[in-house]
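One structure is given below, encoded as structure tokens.
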């Protein structure tokens, strides 16, 4: 994307005001998307974003500038701006020599979405619309969306690192509205992987559309969710966001360093029930949060965060790891070249246990079964977090009974982790997610087996 | 200086083929963000971004493409892509660009040179002043997750073959901080901010005091018992509720059967105390604008008056389909086609004093913040459930702090259950203005 000699010169300029570390992150992103709503393909969109972000670190200060101009002069101007932003008293000549690194990809895409005729992408949308509407007359509206991105990234820094990678992601979602005498309800299903158009060989779109429609129809018969505390069983695959919020964010080293995490100073201590092992793993081929290298050029890793209930480590980016004199963990990510990297999750999941999923439900006299979670939010400093239930049922006398209307559940991360009292043997990854932090969104994956939390607060309206 | 963007838009429009409608949106932004920590600059980002979005409509079909660049060759390719995408859309008799409607855009003073020329050292000084003020506000403040100064200068131009031609620029700046207070083992958090069009409008001490107050008054908070209460929503919370409610008032959702307010125009849908307007012509609103995303004049639209639903907001497409005129509510960036959305919602006419609103509640909760609006509120069904924190209200007075609970109802019921509307209009960095709002019969779920 950019000549090595130009990169070396630009890094030299970036260090001219006394910087200790400089980095060029360049990106060329092409995307295509198509949306169907109300029975019509509304439009096909093609997009391209290309540019570079340059950062310079002096002591505890980071200077950052970005440009859409990848010419030598454009890059030098951005490097000068970043260096000025991070200025220190020092100065001098800096020679940077880059060595091209090898990026080990665990997966090569089969079908580049760019090679697929646009008409083929549009056909998927109309097919999903037809299948969802076919589920029943109660389905009164359907929207569907298709998206693919191909992102070429380059990272070069003053430690001599030079790596490039190509990342392809493909996504599809169906949303339905069902109407009945209780009003309207919605159902949504989405799939997304770090793969090409072979996504549609991995999944059956007909089935996906029918499931979304069925979820909306099921909820027409839903009763208001209860209020107060009770046991909650989370379904396999559908509830990874629980761990993303309950402990994931709190284990990000940047928040820990600022004292903004309930998990600060807890490494080596018990933070969860025995048997609970939480992993963040960027190397999981094909998963939505998969990366070969992070956005700072570090290889992705499988990092065990909590092992058998004991907190083992936080997640790190280059800046925090450098301060602590340790290796980064491959968790430095950013939304685009216009953003500074920070500590982010990749694919975060809870390992399977040994319990039979059916017996987890049958041994619960009264509770809530959450088959499918929506998004969530956490206050890492207090540990309080919420997550939404988009498909949930009552458990009465050990059996799943009536569906429940939507709502949030609320809990405190460290408390909830200690209240996990059953872990199923049926691990599955969940749907693709976008994790937001400081206004930046990055693709993440999550997964869980069926599990039970002995007590959580359900945010419904029923007594 | 925005003229060069309009010239680019004009050049794209001039490339329209016979029988083709073309719209070009060209934007450029300069942004600075300075974060400070421990009396030093943690990061300073300064950046310029730009891009062009091209929409082509031909024979009732629409195609779109964008590029994050103002390079002439890249823009020509983008037009070619948009043109190529046209063939794949379904025929839509209402497809088409906005037609000029003769409504003059309001003259708003949204651009200030004082913001554009504010020196970097002064920006750093303001952020450091904010951090100092936070620690000076209360001895129990133990740390900062962030303290920042940010500003933006954004310029946009739009031109179309239908004859729309408009360009404008605006500045904004803000201070924001997120702080931690501790007492014993207990840590609580609070945020504060100050927004303006130019730095002289920013007030670091108010932002710091708000953040410190929000954090320290939560110290010792416990989970409340469940029950049904009257809740008084802080202006910040009300504004977020309005933003969600806005989705039920956009003409696109209404026509596509995604709004519970469809077919209710002329009916009482809310308490008679409620009058809701969307008014981007109020220059005090953070999202004030003179034109919408299709280049039509922004205007004040009355949506609910004394509890009666008056109408919905529209862009050109949803208006054409509804057999009415655009209300100037096209919302978009350069990376997307225009959708329909409320621009600057506000509850007007409320006169209640927030202190009097609390004094009128025997047994209730003041909600100072909510979490999970995106996960527990469904604007289609109306189901409403969010995480919350705040203070109990007992016998008309603020009492102990409470956290780790949810508040739940439905949007339909909450509109009717409003019992008092505050006159304390608070301009916030979002598309709605906050006021204190008292809502009866809300379920608090806790212990």
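Kindly state which helices (runs of 4 or more DSSP H) lie completely within the range B:151-265 and contain at least 2 residues that are more than 18 Å from the chain's Cα centre (by Cα) and within 14 Å of chain A (Cβ to nearest Cβ). Spell out the reasoning first.
Numbers: elements: B:204-216, B:235-245, B:251-255.
Those helices (runs of 4 or more DSSP H) span B:204-216, B:251-255.
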Residue ID - surrounded by the most Cβ atoms within 10 Å (Cβ to Cβ), chosen from residues in the range B:399-416 that are free of Cβ contacts under 8 Å to residues at least 60 places away in the same chain and either more than 7 Å from chain A (Cβ to nearest Cβ) or within 22 Å of the chain's Cα centre (by Cα) (or both): B:410
Run down A:35, A:47 and say which single residue is in a strand (DSSP E or B), touching a residue at least 40 places away in the same chain (Cβ under 8 Å) and closer than 30 Å to residue A:174 by Cβ. A:35
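Each row is one residue, and each column tells you yes or no for (1) within 14 Å of chain B (Cβ to nearest Cβ); (2) part of a strand (DSSP E or B).
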{"site": "A:2", "(1), (2)": "no, no"}
{"site": "A:5", "(1), (2)": "no, no"}
{"site": "A:11", "(1), (2)": "no, no"}
{"site": "A:66", "(1), (2)": "yes, yes"}
{"site": "A:74", "(1), (2)": "yes, no"}
{"site": "A:82", "(1), (2)": "yes, no"}
The number of residues in the range A:331-390 that are closer than 21 Å to residue A:233 by Cβ and either not assigned by TED's automatic domain parsing to the domain that holds residue A:427 or not in a strand (DSSP E or B) (or both) is 14
Only one of B:97, B:6 is in a loop (DSSP other than H, G, I, E, B) and touching a residue at least 12 places away in the same chain (Cβ under 8 Å); which? B:97
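One line per residue, one yes/no per condition, for (1) under 24 Å from the mean Cα position of the chain (by Cα); (2) modelled with pLDDT under 95; (3) surrounded by 22 or more Cβ atoms within 10 Å (Cβ to Cβ); (4) within 30 Å of residue B:43 (Cα to Cα):
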| site | (1), (2), (3), (4) |
| --- | --- |
| A:209 | yes, no, yes, no |
| A:212 | yes, no, yes, no |
| A:222 | no, no, no, no |
| A:240 | yes, yes, yes, no |
Complete set of residues in the range A:406-429 that are surrounded by fewer than 24 Cβ atoms within 10 Å (Cβ to Cβ) and within 14 Å of chain B (Cβ to nearest Cβ): A:412, A:414, A:415, A:419
Restricting the search to the range B:56-67, which residues are at the interface with chain A (Cβ under 8 Å from one of its Cβ atoms) and touching a residue at least 40 places away in the same chain (Cβ under 8 Å)? B:62, B:64, B:66
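Rundown of residues vs (1) surrounded by 22 or more Cβ atoms within 10 Å (Cβ to Cβ); (2) closer than 21 Å to residue A:207 by Cα; (3) modelled with pLDDT under 95, yes/no style:
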| residue | (1), (2), (3) |
| --- | --- |
| A:94 | no, no, yes |
| A:102 | no, no, yes |
| A:109 | no, no, yes |
| A:126 | no, yes, no |
| A:134 | no, yes, no |
| A:150 | no, no, no |
| A:163 | no, no, no |
| A:171 | no, yes, no |
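Please tell me if residue B:52 is over 27 Å from the mean Cα position of the chain (by Cα), within 11 Å of chain A (Cβ to nearest Cβ) and closer than 29 Å to residue B:317 by Cα. Can you show your working first?
Numbers: over 27 Å from the mean Cα position of the chain (by Cα): no; within 11 Å of chain A (Cβ to nearest Cβ): yes; closer than 29 Å to residue B:317 by Cα: yes.
Taking the combined requirement at face value, the residue does not satisfy it.
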Taking interchain pairs and intrachain pairs at least six residues apart, which have beta carbon atoms under 7 angstrom, with the first residue in the range B:215-241 and at pLDDT 95 or above and the second buried (at least 18 other Cβ atoms within 10 Å of the Cβ) and in a helix (DSSP H, G or I)? B:232/B:357; B:232/B:358; B:233/B:241; B:240/B:373
Which condition number in (1) touching a residue at least 60 places away in the same chain (Cβ under 8 Å); (2) assigned to a loop (DSSP other than H, G, I, E, B); (3) over 30 Å from residue B:51 (Cβ atoms) is the one that residue B:277 fails? (2)
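The values are calculated or read from the model by the stated rules, or taken from the named source; none is laboratory data. Worth saying up front: this structure is predicted, and the values here are computed from it rather than measured. We place every Cβ from the backbone using ideal geometry, glycine too, and count neighbours over all the protein chains shown.
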